[in-house]
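So the structure is just underneath, and the comments pick up after that.
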Ligand code: ATP
């Protein structure tokens, strides 16, 4: 890809004690791109995202457009525009949909927060209908959408989605897919998506990285993925 990357990762290695979870991973994300990292359980997707978000120490380079991320706290990295929506969702169960979203936008001025909220409730009609309901009374799919909406309340420059499809029923996957399409059509967001479900990830992706045992095994566009990797992954 031409031009400076928004996020440039070079030779990233992460260890858990003696176990090496990532081996010299290099990856670029450009402004406005939707990049998927696909890989099986344990391939290292979450480790990669946690290193970017400041949750893990690492060797190698993680260059954000404002500079190297090493040594910055999770809060600093989030303020700097990288927001991760974790696999585990981590909602406040007894708070309403709206309250969870308000917390995501706590740093915004009232008017801006309301505007962002209105936009996101339009993007996720299910949340609009359930905005007064406690988060722990939502279905799994609705909770996933709420976790994404809350992350988007932070107005990230880069949104990291870690396996949003985990445990979701097929009809919910369609809703989530539609919301992601609408998201891209209505806002210039950059997304890094980790997925085991390649069928879900493919139609959204501009480029795909395949992660196997902590290493990048393949990079390319969705068309080429179908031809070269389809047999193994589709
Ligand atoms: P999943 O879809 O299951 O989350 P993943 O691709 O995100 O898979 P990681 O969670 O990044 O994979 O795990 C990569 C490897 O690192 C695995 O072998 C895992 O067992 C190991 N690992 C992850 N977290 C830890 C930890 N805290 N301590 C030790 N090993 C870990």
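Out of 123, 192, I need the residue that is modelled with pLDDT of 95 or more, at negative phi and surrounded by 13 or more Cβ atoms within 10 Å (Cβ to Cβ). Which one? Walk me through how you get there before you give the answer.
Values: 123 fails: modelled with pLDDT of 95 or more.
Exactly one residue qualifies, and that residue is 192.
In the stretch 23-116, counting only strands (runs of 3 or more DSSP E) that sit wholly within it, the ones holding 3 or more residues that are in contact with a helix residue (DSSP H, G or I) (Cβ under 7 Å, 6 or more places away or on another chain) and more than 12 Å from the ligand (Cβ to nearest atom) span 82-85.
Right, residue 179: free of Cβ contacts under 8 Å to residues at least 24 places away in the same chain and not in a loop (DSSP other than H, G, I, E, B) or not?
Details: free of Cβ contacts under 8 Å to residues at least 24 places away in the same chain: no; not in a loop (DSSP other than H, G, I, E, B): yes.
When the stated conditions are applied, residue 179 does not pass them.
In the stretch 182-221, the qualifying residues are those that are without any contact (Cβ under 8 Å) to a residue 24 or more places away in the chain and within 16 Å of the ligand (Cβ to nearest atom), and the one that is farthest from residue 44 (Cα to Cα) is 218.
Checked against (1) under 14 Å from the mean Cα position of the chain (by Cα); (2) closer than 30 Å to residue 108 by Cβ, residue 64 passes all but condition (1).
The values are calculated or read from the model by the stated rules, or taken from the named source; none is laboratory data. Predicted model only: the values in this text are computed from it and were never measured. Every residue, glycine among them, receives a Cβ derived from its backbone with ideal geometry; neighbour counts consider all protein chains shown.
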